[in-house]
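**Student:** Below is a structure I'd like to ask you about.
What follows is calculated from the coordinates using simple rules that are stated; it is not laboratory data. Remember, predicted model here, so these are calculated numbers, not experimental data. Positions of Cβ are generated from backbone atoms using ideal geometry, with glycine treated the same way; all protein chains shown enter the neighbour counts.
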Amino acid sequence: MDIRYAIGASLISVIATSSGAASAYVKEGYSNIRIGMFLEIATTIGAIFGAYLAGITPTNIIAIIFGIVLLYSAIITFITRNEKQLNNKNDKVAGALKLNGNYPTKNGLQSYSVQRVPQGFGIMFIAGSLSGLLGIGSGAVKVLAMDQVMKIPFKVSTTTSNFMIGVTAAASAGIYLTRGYIDPGLSLPVILGVLLGSIVGAKILTKAPTYWLKILFSVVIIVLAFEMIRNGFSGKI
Amino acid sequence: MKDLKHSQVEHNIEVAMGNLLRLGVILAASVVFVGGIFYLFKYGNTIPGFEHFSGEPSDLRNLPEIFSNAVSFHSRGIIQFGLILLIATPVARVIFAVAAFIYEKDYMYVVFSLIVLVILLCSLFG
C-alpha cells in the first residue's frame with residue numbers, strides 16, 4: 001500500500017479516537033481547555049506545515065522518520081510520570097495566559113502551575129508537524145512537552161492532549177482530503193474498526209494488566225519501527 | 001468560593017462539549033456505515049489497488065462535489081461525506097469553545113479560539 005493512503009486513513013482513525021473518547025475524558029474534570037486551546041495554535045500551524053512537507057518529502061524519508069518516532073513512543077511508555085508536581089513556583093507567562101489550574105483529588109482540589117510555556121509551545125509545533133507529516137496523533141511528543149517541559153500533572157496532560165489530538169488531526173485531514181489522500185474504500189473499515197475497538201477496549205482496559213500490555217505494545221512497536229526504517233533505507237516504501 | 005463556582009460552570013461546559021462530540025462521531029459513523037453498504041454492493045467483488053498512488057478523483061476532494069455525490073447516493077460520496085462529518089467534530093469543539101469563552105467574558109481566549117478556528121477553516125477550504 002502506498003504510504004500516503006495509509007497516512008490519510010490514519011488521520012481519520014486519530015480523529016475518531018479523539019472525539020469518541022472525549023466524553024469519557026471530560027467527565028472526570030481533569031482537562032484544561034485553556035492549555036489545550038493555547039497550545040493548539042502551535043499544533044494546528046505545525047499540522048499544516050507537516051501536511052505541506054508530506055507532499056514534497058520522498059516516501060522512504062517519511063518511513064524513516066516514522067520509524068524513529070515509533071521507537072521514541074515505545075521508550076516514553078516506560079518513563080515514570082509524576083502525579084504531583086512539586087515545582088509550584090509561579091511562572092509569569094503561564095500566569096498572564098491563565099494556564100494554571102486545579103484538578104480534583106481525594107484530598108480536594110490540587111492546584112498546579114505551568115512552567116516554561118515558550119519551550120512547550122515550540123515542542124507543540126514540532127508535535128503538530130509530525131502529526132501532519134505522518135498522520136499520527138503525536139501523543140508521545142505532546143506528553144514530552146506537557147509533562148517534562150511544562151510540568152503539567154499527568155492526569156491533566158493526558159486528558160488535555162486527547163482534546164488537542166483531534167483538533168490537530170482535523171487541520172491536516174482537511175489538506176489531505178483536498179489533496180486526494182483520503183480514500184473512502186480504505187477509510188470505511190478503519191473508522192468502523194476504531195469505533196468497535198474503542199467500545200470493546202474501554203470495557204477490557206479497566207481489568208487488563210497494564211504493565212504487560214505496555215511491554216507487549218512496546219515490543220510490537222519496536223519491531224514495526226525497525227521494519228519501517230529498514231524499508232525506508234532499502235527504498236521499498 | 002467564586003473559583004469553585006467558576007470551575008463548576010467550566011466543567012458543565014466541557015461535559016456538554018464531550019457529549020456533542022460523541023454525537024458527532026456516532027452520526028459520522030452511521031453515514032459511513034450506510035455508504036459502506038452501498039459501496040460493498042457495488043465494489044465488493046473488486047480488488048482494491050492501493051499499491052500505486054494516484055490520488056482520489058477531483059469529485060471526492062472538495063466539499064460541494066462530495067455533497068452532491070452523497071445526495072445522489074453515490075456510495076463513495078456518502079462515505080466521504082461521513083468522513084467530513086467526522087473531521088467536523090473537532091471543528092465543532094473549537095466553535096463551542098469560542099461560545100463558552102464569550103459566555104465567560106474571557107476575551108483573550110475568545111481570540112485564541114478564533115485563531116485556531118481560522119487555521120482549521122483555512123486547511124479545510126484552503
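**Student:** Mind giving me the FRET efficiency for A:N107 and A:L196? R0 is 41 Å, r the Cβ-Cβ distance, nearest 0.05 is fine.
**Tutor:** Values: r = 39 Å, r/R0 = 0.95.
E between A:N107 and A:L196, to the nearest 0.05, is 0.60.
**Student:** Could you list, in their original order, any pairs among A:K236/B:K42; A:K92/B:K105; A:K92/A:K155; A:K106/A:K151; A:K142/A:K236; A:K27/A:K92 whose Cα atoms are separated by more than 25 Å? Intermediate values should be presented prior to the final figure.
**Tutor:** Values: A:K236/B:K42 32 Å; A:K92/B:K105 22 Å; A:K92/A:K155 23 Å; A:K106/A:K151 21 Å; A:K142/A:K236 30 Å; A:K27/A:K92 30 Å.
Violating the 25 Å Cα-Cα cut-off are A:K236/B:K42; A:K142/A:K236; A:K27/A:K92.
**Student:** What does the structure give for A:215-225 when I average, per residue, the other chain Cβ atoms found within 10 Å of the residue Cβ?
**Tutor:** Numbers: counts 0, 0, 0, 0, 0, 0, 0, 0, 0, 0, 0.
Counting Cβ atoms of other protein chains within 10 Å of each residue's Cβ and averaging gives 0.
**Student:** Moving on to the next point. Does anyone have the angle between helix A:59-76 and the longest principal axis of chain A? Alpha-carbon axes, 0 to 90°, nearest 10?
**Tutor:** 30
**Student:** Something else now. Among A:V194, B:N62, A:A21, whose Cα lies farthest out toward the positive end of the dipole of the protein assembly as shown, if unit charges sit on the beta carbon of Lys, Arg (+1) and Asp, Glu (-1)?
**Tutor:** The Cα lying farthest towards the positive end belongs to A:A21.
**Student:** A follow-up question, please. Order these by the 10 Å Cβ neighbour count, fewest first: B:S58, A:S172, B:S75. Show your work: numbers first, answer last.
**Tutor:** Values: B:S58 10, A:S172 35, B:S75 22.
Listing B:S58, A:S172, B:S75 from fewest to most nearby Cβ atoms yields B:S58, B:S75, A:S172.
**Student:** Mean projection of the alpha-carbon convex hull of segment B:2-125 over all orientations, in nm²?
**Tutor:** Its Cα hull, projected and averaged over all orientations, spans 9.8 nm².
**Student:** Order of B:L60, A:L186, B:L120 from fewest to most other C-beta atoms within 10 Å? Working shown, then result.
**Tutor:** On the way: B:L60 22, A:L186 17, B:L120 26.
Ordered by Cβ neighbours within 10 Å, fewest first: A:L186, B:L60, B:L120.
**Student:** On C-alpha positions alone, give me the angle between the axis of helix A:184-205 and the longest principal axis of chain A, in degrees, nearest 10.
**Tutor:** On a 0 to 90 degree scale, this one is about 40.
**Student:** Based on DSSP H runs of at least 4 residues, each adding -39500 (n - 2.57), what is the mean residue ellipticity at 222 nm of chain A after dividing by all its residues, to the nearest 500 deg cm²/dmol? Working shown, then result.
**Tutor:** Numbers: 9 runs with 168 residues, N = 237.
So the calculated ellipticity at 222 nm is -24000 deg cm²/dmol.
**Student:** From the P(r) of segment A:106-152, can you give the percent of Cα pairs sitting at distances over 13 Å?
**Tutor:** Details: 622 of 1081 pairs.
Counting every Cα pair in segment A:106-152, those more than 13 Å apart make up 58 percent.
**Student:** Could you give the angle, 0 to 90 degrees to the nearest 10, between helix A:33-56's Cα long axis and the longest principal axis of the Cα atoms of chain A?
**Tutor:** Compared with the principal axis, the helix lies near 20 degrees.
**Student:** Then there's this: Can you pull the one-decimal nm distance between simple spin-label points at A:Y72 and B:L63, each 7 Å off the Cα toward Cβ?
**Tutor:** Label at A:Y72, label at B:L63, 3.3 nm between them.
**Student:** Given charges of +1 on the Cβ of Lys and Arg and -1 on the Cβ of Asp and Glu, with all other atoms neutral, how large is the dipole of segment A:1-128 about its Cα centre, in debye to the nearest 20? Walk me through the numbers on the way to the answer.
**Tutor:** On the way: 10 positive and 5 negative charges, 94 e Å.
The calculation lands at about 460 debye.
**Student:** What is the spin-label model distance, in nm, from B:V118 to A:L213 if the labels are put 7 Å beyond Cα along the C-beta direction?
**Tutor:** Rounded to a tenth, the inter-label distance reads 4.2 nm.
**Student:** Which of these, A:T43, A:T158, A:T105, has the largest mean-square fluctuation under a Gaussian network model of chain A (Cα springs below 10 Å)?
**Tutor:** Result for chain A, Cα springs under 10 Å: A:T105 fluctuates most.
**Student:** About the Cα centre of the protein assembly as shown, how large is the charge dipole given +1 on each Lys and Arg Cβ and -1 on each Asp and Glu Cβ? Please answer in debye to the nearest 20.
**Tutor:** Details: 27 positive and 17 negative charges, 182 e Å.
So the dipole magnitude of the protein assembly as shown works out to roughly 880 debye.
**Student:** What whole-number value in cubic angstrom gives the convex hull volume per residue for the C-alpha atoms of chain A? Display every interim value, and only then the final one.
**Tutor:** Numbers: hull volume 29.2 nm³, N = 237.
Here the figure is 123 Å³ per residue.
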